[in-house]
Amino acid sequence: MGRDQLAVVFGCAGPELGDREAGFFRDANPAGFILFGRNCVDPHQVARLVDDLRNAVQRAEAPILIDQEGGRVARLKPPHWPAYPAARSFGDLVRTDRAVALEAVRLNSLLIGLDLISLGITVNCAPTIDVSIEGAHEMIGTRAYGSDPQLVTEMGRAVCDGLLDANVMPVIKHLPGYGRAMVDSHLALPIISETIEELDRSDFVPFKALSHLPWGMTAHALIKAVDSEHPATLSSKVIDQIVRQRIGFKGILITDDLSMNALTGAVADRVAGSLAAGCDLALHCNGNLAEMESIAPVARSAPRRLIDAMASAEQKRVERDRGGIDAVRARRRLHELLPMA
């Protein structure tokens, strides 16, 4: 069965894995890792870092995550990687031709996926299927496909299909919805005051439709109608009653970054609280080794259900038939559909 894995995904400090970091990761054995812009210099360096992270935990199948949405949320940037359009570009294209917009967003995601898989990155924290609301904070902004829940659903499904075609696992985010946030959760706690019935008609729609997917990410938002004290990430009520039951998501639930200022208290307490609330994996992104060392003693071992779920998702990803994808043709077609791509 191998060593116990911590139910945590960690970041690392820079473009190379230091000896102390490597030793910590070897001993702690986190479930996986996430990369940020600070970790990504050029393709050769990223591929080497990915290998070093997996070697540190001695698991070739350890998931490596990244946020490569396109637009302003992109960890891989020019000149070594293309600049992909933001989600809103595809949502706006719907006004001209819905079928073209859906084809374009799928091709776009396929190409992003091919960039990632060539580096050994197997999980992309996308699509953002939050339904945007007029007047909400720009934290989501152009990261959202639009304000029509059905459109967001169709776009999200196309993004997932494109990533899966490239053998990259998508992560639907942010459960149960950030679209109404009036503040940036990196800085403060968004408060969602609408009734569950209102959220059911809008915010929850895309998540319900895509609830069968293997990975999902939480929102650090207070859903007042369910739990007026704890953000969704730390709320057993929200995770059980809304995410698991009402939305029906049964897959691997990973937190949004627990370093964000929407949450309070020591980061180790945030990790313990999120796992106790029902999240499967705690996500700690900033690469601060002292913080990670404080987390390891309080993070539980990944339960058998989670290990099996990750193994199943990885097996399906590996076995998926890519069908002889022609990346050059896909990129040419995307430029025809969306000249700014």
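With no solvent and one equal point scatterer per Cα, compute the Debye intensity ratio I(q)/I(0) for segment 1-113 at 0.14 Å⁻¹ and report its log10, rounded to two decimals.
-0.66
For 204, 24, what's the fewest-to-most ordering of other Cβ within 10 Å of each Cβ?
Working: 204 23, 24 18.
Ascending number of Cβ neighbours within 10 Å: 24, 204.
Based on the Cβ-Cβ distance from residue 98 to residue 38, what FRET efficiency comes out when R0 is 35 Å, to the nearest 0.05?
On the way: r = 38 Å, r/R0 = 1.09.
Calculated value: 0.35.
Which value, in debye to the nearest 20, describes the size of the charge dipole of the chain about its Cα centre when Lys and Arg Cβ atoms bear +1, Asp and Glu Cβ atoms bear -1, and nothing else is charged?
Working: 37 positive and 43 negative charges, 115 e Å.
Roughly 560 debye, rounded to the nearest 20.
Need the full-extension length gain, residue 289 to residue 333, defined as separation in residues times 0.36 nm minus the C-alpha distance. One decimal, nm. Write out the running numbers ahead of the final one.
Working: separation 44, 0.36 × 44 = 15.84 nm, distance 4.41 nm.
Computed gain between residue 289 and residue 333 is 11.4 nm.
Taking segment 6-337, how much of its Cα-Cα pair set, in percent, is spaced more than 35 angstrom apart?
On the way: 8446 of 54946 pairs.
Everything past 35 Å amounts to 15 percent.
What is the distance, in nm, between label points placed 7 Å from the Cα along the Cα-to-Cβ direction at residue 195 and at residue 19?
Result: 6.4 nm between the two label points.
Determine, from the Cβ-Cβ distance of residue 225 and residue 300 and an R0 of 41 Å, the FRET efficiency 1/(1 + (r/R0)^6), rounded to the nearest 0.05.
Working: r = 29 Å, r/R0 = 0.71.
The value I calculate is 0.90.
Can you sort 285, 125 so the residue with the fewest Cβ neighbours within 10 Å comes first? Intermediate results must be reported in sequence, preceding the final value.
On the way: 285 20, 125 25.
Placing the least packed residue first, the sequence is 285, 125.
What spacing in nm lies between the two simple spin-label points modelled at residue 188 and residue 311, each 7 Å away from Cα in the Cβ direction?
Each label point is offset 7 Å from its Cα along the Cβ direction, giving 4.7 nm.
For each of 128, 96, count neighbouring Cβ atoms within 10 Å of the residue's Cβ, then give the residues from fewest to most.
On the way: 128 30, 96 8.
Listing 128, 96 from fewest to most nearby Cβ atoms yields 96, 128.
For a 27 Å ceiling on Cα separation, which of these pairs sit above it: 173/237; 77/316; 237/316; 77/208? Present the calculation step by step, with values, prior to reporting the outcome.
On the way: 173/237 19 Å; 77/316 29 Å; 237/316 31 Å; 77/208 32 Å.
77/316; 237/316; 77/208, as the Cα separations exceed 27 Å there.
Can you list residues from other chains, or at least 5 along the same chain, whose modelled amide H is less than 5 Å from the amide H of residue 6?
For residue 6, whose amide H was placed from the backbone, the distant partners under 5 Å are 31, 302.
Read the figures in this text as sums done on the coordinates, not as results from a lab. As the structure is a computational prediction, the values presented were derived from the model and not from experiment. Please note: Cβ atoms are built from the backbone with ideal geometry, for glycine as well, and neighbour counts cover all protein chains shown.
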